[in-house]
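These notes are about the structure you will find just below.
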Amino acid sequence: MRIAVSIKLSDEERTILMRWARGRRTPARLVQRAKIILAAAAGKQNKLGCTRRTVGTWRNRFLNQRLCGLEKDAPRSGRKPSVREEKEADIIRKTTQSTPANATHWSTRTMAKEVGVSRSTVQRVWRDSGLRPHRVKTFKTSNDPDFAENLVNVVGLYLNPPEHALVLSCDEKTQI
């Protein structure tokens, strides 16, 4: 039988963990992790209302990374998008620079049929890009041939900014 390594906490770490464990606005996953570490530091066994594997995972993560390891989940690979990478630029280009025959704007069904992907793929691309062609009063098409590439770059900066990044934005419209 394996014996868990004992956990020693500094006063500062104990204070932070107590605040997390008792916080009413603290995310539930962080509350659980803080309670696991506090119980482990008190010398309790791995019977804390969750599986031994969960307790072991968070004990080891705390031993290796301390508080930072509890705050953030480890990155997971997930399934790679099969079609989206190939068709995303085409969907954005068609949405912003053209209209379908016999219609005023694209719907997810007409765009999916045009590009050869599922309706949900078109919905995801539009949602992630902030495109809403069904809102005719506020949606404007762009004449920029590099619009899709620029959109992906700008949205990428906002969703995953580099450390100490500064994003400046300007508009070429004279009305503003």
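Of all residues in segment 87-114, those satisfying the criterion of being assigned to a helix (DSSP H, G or I) and over 16 Å from residue 129 (Cβ atoms) are 109, 110, 113, 114.
Among the residues here, residue 117 qualifies as among the hydrophobic types (A, V, I, L, M, F, W, C), at pLDDT 90 or above and under 27 Å from the mean Cα position of the chain (by Cα). Of the conditions (1) out of contact with any Pro (no Cβ under 9 Å at 6 or more places or on another chain); (2) within 28 Å of residue 170 (Cα to Cα); (3) polar (S, T, N, Q), residue 96 satisfies every one except a single condition; which number is it? It fails just one condition, (1). Checking the structure you have, find out if any residue of segment 37-51 is under 25 Å from the mean Cα position of the chain (by Cα) and not hydroxyl-bearing (Ser, Thr, Tyr). Checked segment 37-51: no residue is under 25 Å from the mean Cα position of the chain (by Cα) and not hydroxyl-bearing (Ser, Thr, Tyr).
Scanning segment 83-109 for residues being aliphatic (A, V, I, L, M), in contact (Cβ under 8 Å) with a residue 24 or more places away in the chain and surrounded by fewer than 19 Cβ atoms within 10 Å (Cβ to Cβ) gives a total of 2. Taking first residues from segment 2-28 that are within 19 Å of residue 44 (Cβ to Cβ) and not assigned by TED's automatic domain parsing to the domain that holds residue 63 and partners that are among the polar types (S, T, N, Q) and surrounded by 11 or more Cβ atoms within 10 Å (Cβ to Cβ), the Cβ contacts under 8 Å between residues at least 6 apart in sequence or on separate chains come to 4/46. Among the residues of segment 126-143, those that are within 14 Å of residue 111 (Cβ to Cβ), surrounded by 13 or more Cβ atoms within 10 Å (Cβ to Cβ) and at pLDDT 85 or above comprise 126, 129, 131, 132.
The values are calculated or read from the model by the stated rules, or taken from the named source; none is laboratory data. Being a predicted model, the structure only gives us computed values, none of them experimental. Cβ sites come from the backbone with ideal geometry, for glycine too, and all protein chains shown count toward neighbours.
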